[in-house]
Amino acid sequence: MKIQLLTYPDMTLLDLVGPLQVWSLMPEVEIELVWKSTDPVPTDCGLPVVPTHAFADASESTDLLFTGGGVDGTTRAMADPEVIEFMQSRGESAGWVTSVCTGALILGVAGLLKGYRATTHWMALDALPNFGAEPVKERWVVDRNRATGGGVTAGIDFGLALAAEIAGEEVAKTIQLGLEYAPQPPFDSGTPDKASPERVAAVAKLFQGG
């Protein structure tokens, strides 16, 4: 199974690495990290990622197309004709078209979410109807061959859910055990519904550059 993951400057690293770690453990997968060149790509936490393929030499078709999100980097990617053209060219025939976090907005600009239910980071959920998508407030959403995950850490849940769709539930459960994925966060403050209004406002201000 061929998997192509868009790897662009200032994307959120965990958006990429969460599902990538899961999918790399599925049987018989071939992974391509794609960007305009194979030069190291900076991420929003400072750790660079080295693409394995440039757009020009990436496989012309893929079984699974993925993009993560970010903040400023995602905004630039949404406005980049080369990025959108690449996503459209692969997304039209991909078996699965997927994203985590605000990567859904890149899919939206490429016209790949029109008529589909989808999710994204809670701060961007209201933007999905602009692209003809139906926003769903869930950790992950699978609608036909579109699969989208919520913000950042949802990528692991999303990755396991999609692994179950592709390789079967037993494989996904085995991967989950291998990763010892049994989250026990020290605080119950991971969604706007559970956090205080003041904290929600502070996080929104932080991500909006305030």
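Throughout, read-outs are computed from the coordinates displayed, never taken from laboratory work. Predicted model only: the values in this text are computed from it and were never measured. Cβ sites come from the backbone with ideal geometry, for glycine too, and all protein chains shown count toward neighbours.
Worth a mention:
- Ratio of Rg to Rh for region 63-184: 0.98 [Cα atoms; Kirkwood radius as inverse mean 1/r over pairs].
- Likely footprinting exposure, R144, R76, R117, fewest C-beta neighbours within 10 Å first: R144, R76, R117
- Net charge, T38 excluded, C-beta distance under 14 Å - Lys, Arg +1, Asp, Glu -1: -2
- Sorted by Cβ neighbour density within 10 Å, fewest at the top, the residues R199, R146: R199, R146
- Under-5 Å amide H pairs with N145, H placed in peptide plane, nonlocal only: none
- Calculated from backbone phi, Karplus (6.51, -1.76, 1.60) coupling profile of region 29-38 in Hz, x at Gly/Pro: 10, 10, 10, 10, 9, 10, 7, 5, 9, 9
- Sorting Y116, Y181 from the fewest to the most surrounding beta carbons within 10 angstrom yields Y181, Y116.
- Site pair S59 and F207 shows an inter-label distance of 3.2 nm when each label is modelled 7 Å from Cα along Cα→Cβ.
- Sorting the segments 42-54, 184-196, 2-14, 147-159 by their residues' average number of neighbouring beta-carbon atoms within 10 angstrom, most packed first, yields 147-159, 2-14, 42-54, 184-196.
- Applying 1/(1 + (r/R0)^6) with R0 = 30 Å to the Cβ-Cβ distance of S93 and S24 gives a FRET efficiency near 0.85.
- Straight-line cross-link partners of K114 among the lysines, defined as a Cα under 29 Å from its Cα and at least 8 positions apart when in the same chain: K2, K36, K137.
- Contact order for region 2-185, expressed relative to its length and based on alpha carbon pairs under 8 Å spaced 6+ residues apart, stands at 21 percent.
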